[in-house]
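Report on the following structure.
The values are calculated or read from the model by the stated rules, or taken from the named source; none is laboratory data. Since this is a predicted model, take the numbers as computed values, not measurements. Here the Cβ is made from the backbone with ideal geometry for all residues, glycine too, and neighbour counts use every protein chain on show. Only protein heavy atoms, including side chains, enter the accessible area calculation; ligands, DNA and RNA are left aside. Shrake-Rupley method; radii C 1.70, N 1.55, O 1.52, S 1.80 Å.
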Amino acid sequence: MKGTMKALRSYAPFDYRYEDVPIPTARSGEILLRVKGCGICAGDIKSFHGGIRIWGTDESNRYIDAPVIGGHEFYGEVVELGEGVQDFKIGDMVVTEQIVPCDECEFCRAGKYWMCVGSAVYGFKEHAQGGFAEYVLLNSHSRTHKLPDGFSPEQSVMVEPIACGMHAVELAQIAHSDVVVIAGLGAIGSAIVNMAKLDLPKLIIGIDIKQHRLDLGEKFGADVVLNATECDVVQEIKKLTNGMGCDVYIEASGSPKSVTQGLEALKNHGRFVQMGVFAEEVKADWNVIGDGKELHIIGSHLSALTYPAVIEGIRTGMIKTDGLISHSFAMKDWDKAFDEAEKNPDAMKIMLVP
Ligand SMILES: [Zn+2]
Ligand SMILES: [Zn+2]
């Protein structure tokens, strides 16, 4: 497609620019989307603030190919098909997974492309420019999924974050006898509550420090919610479990304190699932894991193979999205949106609309 489009490009920490760039053209295997909406991820905020995992300490260990168009939680309408694309047609509404795998490494060949060692995440790499723009080019290695007719902007934008949450739930292998704690009730944490509930465990306990999120966690199926600023969370969990502790602790807050709290709250042989992303290093007593409780520590990265199930779950209503998007901003007001995401205690997921 010819012409220029507006796009939000990341140049450096605190230096993002909303500017005109050429509209990309779909080459072999590629798809051009007209972006309908793009969610702001906690990772996007961390990136804006100069997060070290993205910007590194200098050019040599930098992940981001700046300047680059940010945003990986987008959906849009197919407007141009590159040669050889067969599964989609002009006018389809689609989401694409946040990762662009290499399709060549050991993990890709084993079908575990979300662990690809040569991968890119949309919004950070030259060949995977993101969705904070009027148009986005889908790399030929993308995993793209058609959205059902009538999906709302909220349902469409929430597919990516919920998919990450579903992977964490999948890894927790929840049994009916389990007491499950979900720490952090943001948009993903609330969705995790919802999906954990579908496994019918004995009890679901949600933890957060913001009242709005605790209310939402309850709405999404938590039997008990605890405000970590108002009570001793570990003691409350022990009280609710005859002093034994919980079976599963899903860490979805990215707060280091939540890690030590989880290690304490778990019972012997408990499962700790790490999903949240930290801005700083975590200090914890590692002895609890081995010599103490023989815990299972499980890492959860991106969304694995969950997109089709998430889309179907949203379509049938088993997976709820109501209230997960708290604000929607015109893309040109991106700075206000980032600010709101950071400072408004009632903010959940915020989306930008080009
Ligand atoms: Zn994200
Ligand atoms: Zn790979």
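Some values worked out for this structure:
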read-out: Distance between region 234-264 and region 1-56 - C-alpha centres, whole angstrom; value: 37
read-out: Surface share of carbon and sulfur [accessible, 1.4 angstrom probe, percent] for region 164-299; value: 51
read-out: Simple Cβ-charge dipole of the chain, Lys/Arg +1 and Asp/Glu -1, about Cα centre, in debye nearest 20; value: 280
read-out: For the chain: span of alpha carbons on each principal axis (Å, largest first); value: 66, 44, 41
read-out: Accessible area (Å², per residue) of the chain, counting only protein heavy atoms and a probe of 1.4 Å; value: 45
read-out: Subset of K219/K336; K89/K336; K238/K283; K2/K36; K283/K320 violating a 26 Å alpha-carbon distance limit; value: K219/K336; K89/K336; K283/K320
read-out: Local net charge near N242, Cβ-Cβ under 14 Å (Lys/Arg +1, Asp/Glu -1); value: +2
read-out: Kyte-Doolittle at least 0.0, axis length at least 18 Å by Cα - qualifying DSSP helices, the chain; value: 159-172
read-out: Extension gain from E126 to D335, taking 0.36 nm per residue of separation minus the Cα-Cα distance; value: 73.0 nm
read-out: Ranked packing of 187-195, 280-288, 60-68, most packed first, by mean Cβ within 10 Å; value: 187-195, 60-68, 280-288
read-out: Phi-based couplings in Hz for region 125-137 (Karplus 6.51, -1.76, 1.60; Gly and Pro marked x); value: 10, 3, 8, 9, 5, x, x, 7, 6, 6, 9, 9, 9
read-out: Value of [θ]222 nm, deg cm²/dmol, for the chain, DSSP H segments ≥ 4, -39500 (n - 2.57) each, nearest 500; value: -7000 deg cm²/dmol
read-out: Distance between modelled label sites at H176 and K146, nm, 7 Å Cα→Cβ extension; value: 3.8
read-out: Anisotropy class of region 218-347 from Cα gyration tensor, a/c 1.5 cut; value: prolate
